[in-house]
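Have a look at the structure below, then the notes.
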Amino acid sequence: NGEEEVKGGIAILGCGGTIASKIEYKTGAVYPSITPRELRLAFPALERWNVHSRRIFSLLSEDMSAYHWRLLADAIEEEIKGGSEGVVVMHGTDTMTYTAAAMSYMLQNLPAPVVFVGAQRSADRPSSENEMNMLNAVFSASQDLGEVAVCMHATTSDDYCHLHRGTRVRKMHTSRRDAFRSIGSSPLFAVD
Ligand code: GLU
């Protein structure tokens, strides 16, 4: 399932969603089936970091439940205890902020960053922001930060992302690439 046995560096965990999707050209439908490893191969720029990847499950995020939060929290704990310096979680955007908030409370005293990332537009669309979000998320996961955050496009252009606190972020629009906003607080930082 795309698992690799490398330790240290940045762990990329796959939960599914548009960022990890494949297109069926016959119907035009998009499925969350690409493995994190395939995604890494599709984005050679990721090679600049020491990354390894693992698929936890492959779901549209509306199909996730608290059961999946448990599985994800266990996998993140395993990665950090195994020596990963940071964790990136690929996740569907519809319930990403709920999972990020749940992880913020389930994973206490984090010694490393846990950064959620998704894409509003799938990889087959010229306006897809999946690569930019991914590279910025991996960069953020390599920073000196001990909390759960969400890394998503900050504007309608391809200029930078915002890193939002996991308990503060909300998805404010269905399709806009700048849909994720920090509510009642500022983003932690901008990253390009
Ligand atoms: N609705 C699906 C989900 O949240 C796909 C869309 C997306 O990834 O943003 O997983």
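The values are calculated or read from the model by the stated rules, or taken from the named source; none is laboratory data. Keep in mind the model is a prediction, meaning the values are calculated, not measured. All Cβ positions, glycine included, derive from the backbone under ideal geometry; neighbour counts span all protein chains shown. Each accessible area value is taken on the protein alone, full model and side chains, heavy atoms only, with ligands, DNA and RNA left out. Shrake-Rupley method; radii C 1.70, N 1.55, O 1.52, S 1.80 Å.
If I take all pairs of Cα atoms in the range 114-183, what percentage of them are more than 18 Å from each other?
31
Count the DSSP beta bridges whose two residues both fall in the range 38-192, then state the antiparallel fraction as a percent rounded to the nearest 5. Working shown, then result.
Values: 11 of 19 bridges.
Once the DSSP bridges in the range 38-192 are tallied, antiparallel ones form about 60 percent.
Measure off, as a whole percent, the carbon and sulfur share of the 1.4 Å-probe accessible area of the chain, all protein chains present.
Accessible surface attributable to carbon and sulfur in the chain totals 47 percent.
Can you tell me how much longer the chain between residue 175 and residue 65 gets when fully stretched, taken as 0.36 nm per residue apart minus their C-alpha distance, in nm with one decimal? Don't skip to the answer; put the middle values down first.
Values: separation 110, 0.36 × 110 = 39.60 nm, distance 2.30 nm.
Working it through step by step, the gained length comes to 37.3 nm.
Please identify the trypsin sites (Lys or Arg not before Pro) of the range 154-192 that satisfy two criteria: DSSP loop assignment and at most 14 other Cβ atoms within 10 Å. Which are they?
Answer by residue number: 176.
So what is the accessible area of the range 44-154 per residue, in Å², with the probe set to 1.4 Å? Intermediate values should be presented prior to the final figure.
Working: 4560 Å² over 111 residues.
Heavy-atom SASA per residue in the range 44-154 reads 41 Å².
Highest GNM mean-square fluctuation, the chain, Cα pairs closer than 10 Å: which of 155, 99, 174?
Judging by the Gaussian network model, the answer is 174.
Using all alpha carbons of the chain, what is the percent of pairwise distances in each 10 Å bin, ordered from the shortest bin to the longest?
10, 42, 39, 9, 0
Build a GNM of the chain with springs between Cα atoms under 10 Å: which of 92, 17, 28 gets the top mean-square fluctuation?
28
Please report the base-10 log of the normalised intensity I(q)/I(0) for the range 66-144, using a Debye sum with one equal scatterer per alpha carbon and no solvent, at each q in 0.12, 0.21, 0.23 (1/Å).
Treating every Cα as an identical point scatterer, log10 I(q)/I(0) equals -0.36, -0.98, -1.12.
What is the spread of the Cα atoms of the range 1-98 along each of their three principal axes, largest first, in whole Å?
That works out to 42, 33, 22 Å along the principal axes.
Hey, if we sort 160, 25 by accessible area with the 1.4 Å probe, largest down, what's the order? Write down the numbers at each step before the final one.
On the way: 160 75, 25 185 Å².
Sorted by accessible area, descending: 25, 160.
For a quick check, take a GNM of the chain with Cα springs below 10 Å and name the residue from 82, 166, 14 with the largest mean-square fluctuation.
82
Between the alpha-carbon centers of the range 96-144 and the range 164-189, tell me the distance in whole angstrom.
Taking the Cα centre of each part, the range 96-144 and the range 164-189 sit 12 Å apart.
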